[in-house]
Amino acid sequence: MYVHAYQSYVWNSMASRRIKEYGLQPIKGDLVVASKSTAACSTDTDSTQMEDTVEFISEPSRTAVTVLTEEHVRSGQFTIHDVVLPLPGYDVVYPDNDFKDHYRQIMASDGLDINNMKHKVRDYSLSGAYRKLLVKPSLMSWRWLRYNDVKQPLALTDQDRLRGAQEPQSLPDGKYWALQMEFTLPTSTYATMALREVLRCDTSSAHQSTLNQV
């Protein structure tokens, strides 16, 4: 688990830097998942070396990717929602731009070499994977609720529904306002990050703990 957490740490750092430095447009050297209309770039590692699937890794390491060229970028064929970044491992392709060096530097600072990620201890030898840089939620809906009791649950659990509980109703003159949202996300994406982007709020554990103080 700690090894996978480190992969996510590197990915998060690279994702934040990618958006900060280059914004929300594909650039030359970015990676996208290969399709019939693009040439695939793969490390071609023997399938017997694949690691066990981990739930929070979105794409298997055997995913073939395409490195974007200037022609791809000019064509407008791809958007930022097509761009993927690798979780570090021995069976992934890194972006063909300065971000390969950024990966190299952040991992070198922890004593790791991106070109030597295999390890004699299997748990430390990870093939890597790819995650979308940005993902759009689907089946999105929302509504405002007004209420008075700060301890009243504003959403039903599955158990509540099995018991036939009624949906919380908005009070016309309620003292407090709540935003209730429903949406669907694919694997390896997180509702907390979607809410952060909507509400522009701090998602650190320290800040979140203060929200429960009444």
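The values are calculated or read from the model by the stated rules, or taken from the named source; none is laboratory data. On a predicted model such as this, the values are computed, not experimentally measured, just so you know. For neighbour counting, all protein chains shown are included, and Cβ atoms are generated from backbone atoms with ideal geometry for every residue, glycine included.
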Would you call MET107 among the hydrophobic types (A, V, I, L, M, F, W, C) and modelled with pLDDT under 90?
no
Go through the stretch 60-112 residue by residue and tally those that are among the hydroxyl-bearing types (Ser, Thr, Tyr), touching a helix residue (DSSP H, G or I) at 6+ places or on another chain (Cβ under 7 Å) and not in a helix (DSSP H, G or I).
1
Counting only residues that are touching a residue at least 60 places away in the same chain (Cβ under 8 Å) and among the aliphatic types (A, V, I, L, M), how many does the stretch 84-123 have?
5
I need every pair where a residue in the stretch 177-201 that is at pLDDT 90 or above and acidic (Asp, Glu) has its Cβ under 7 Å from the Cβ of a residue that is assigned to a strand (DSSP E or B) and surrounded by fewer than 14 Cβ atoms within 10 Å (Cβ to Cβ), sequence separation at least 6 or different chains.
GLU182/SER141
Here the residues within the stretch 124-151 that are farther than 17 Å from ALA191 by Cα, without any contact (Cβ under 8 Å) to a residue 60 or more places away in the chain and surrounded by 11 or more Cβ atoms within 10 Å (Cβ to Cβ) are LEU145, ARG146, TYR147, ASP149
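Restricting attention to the stretch 166-184, report how many residues are among the acidic types (Asp, Glu) and either in a strand (DSSP E or B) or within 32 Å of the chain's Cα centre (by Cα) (or both).
Here the count works out to 2.
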Can you give me the number of residues within the stretch 94-131 that are under 18 Å from the mean Cα position of the chain (by Cα) and among the hydrophobic types (A, V, I, L, M, F, W, C)?
2
Going by what's in this entry, would MET117 be described as farther than 17 Å from ARG18 by Cα, modelled with pLDDT under 95 and outside any loop (DSSP other than H, G, I, E, B)?
no
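Just checking, how many residues over the stretch 192-214 are touching a Lys or Arg at 6+ places or on another chain (Cβ under 6 Å) and in a helix (DSSP H, G or I)?
Qualifying residue count for the region: 0.
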For the stretch 135-165, how many residues are in a loop (DSSP other than H, G, I, E, B) and either in contact with an Asp or Glu (Cβ under 8 Å, 6 or more places away or on another chain) or closer than 23 Å to LEU211 by Cβ (or both)?
11
How many of the residues in the stretch 184-214 are out of contact with any Asp or Glu (no Cβ under 9 Å at 6 or more places or on another chain) and over 23 Å from LEU139 (Cα atoms)?
12
